[in-house]
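Single-structure report; data block below.
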Amino acid sequence: VQYRVAGGTWYYLPGGPFYGTYLNVSGFQPGTTYEWRVRSNCYNGNVSDWSVAATFTTLNYSCAQPTGLSTSNITETSATFSWNIVPGAQSYSVQIRQVGGAWGYLPGSPFMSNSVTATSLTPGTAYEWRVRANCGSGGTSYWSNAMPFTTLGSGGGSCLAPSWLGT
């Protein structure tokens, strides 16, 4: 079995020749495209031609999914989102949506810290937000679970209607 970075020099896979029809191989660089090929070793020292090369690309570095999500300082038009620091993360992407709506990136995303304040929200509205960690070489974590919250207010003005009326 031989392998190479796509278009580079062919190298024999250490440990050969191999006797099975599949191998588990490790030690490749993340986010890199490789080619590999194989040939048969026959009796009397004869060998087949090399197979046509197959191509694969290794995944980029990834990091852990953010945990410890919390929402604080909720007002009529803003809320602060926080989460635990993820080792290896270079930044964090945050998305927000009204419950049942489409996800959109929070303006300013990605963020360098593990806390951010969302502004310009609609009073009395149910929202949810999620975060993912951005790692080296373009890798990312999975998105966190959605964290729901509701802004203060009735949605139609800057204060709540009176309640507990009595005569």
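Values in this text are rule-based calculations from the coordinates and carry no lab data. Just so you know, these numbers come straight off a predicted model, no measurement behind them. Reconstructed Cβ throughout: ideal geometry from the backbone, glycine too, with neighbour counts over all protein chains shown.
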Hey, got a sec? Which chymotrypsin sites (Phe, Trp or Tyr not before Pro) in the stretch 65-124 land in a DSSP loop and have at most 16 other Cβ atoms within 10 Å? 103
Once the Cβ-Cβ distance between residue 90 and residue 117 is put in as r, and R0 is 22 Å, what FRET efficiency do you end up with, to the nearest 0.05? 0.60
Phi-based couplings in Hz for the stretch 40-52 (Karplus 6.51, -1.76, 1.60; Gly and Pro marked x): 8, 9, 9, 5, 6, x, 7, 9, 7, 5, 5, 5, 5
For a quick check, take a GNM of the chain with Cα springs below 10 Å and name the residue from 42, 63, 135 with the largest mean-square fluctuation. 42
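Could you compute the FRET efficiency for residue 6 and residue 69, with r as their C-beta to C-beta distance and R0 at 45 Å, rounded to 0.05?
After rounding to 0.05, the efficiency reads 0.65.
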Over the stretch 1-85, calculate the relative contact order: mean separation of alpha carbon pairs under 8 Å at least 6 apart, over the residue count, as a percent. 22 percent
The chain - charge dipole about Cα centre, Lys and Arg +1 at Cβ, Asp and Glu -1, debye rounded to 20: 240 debye
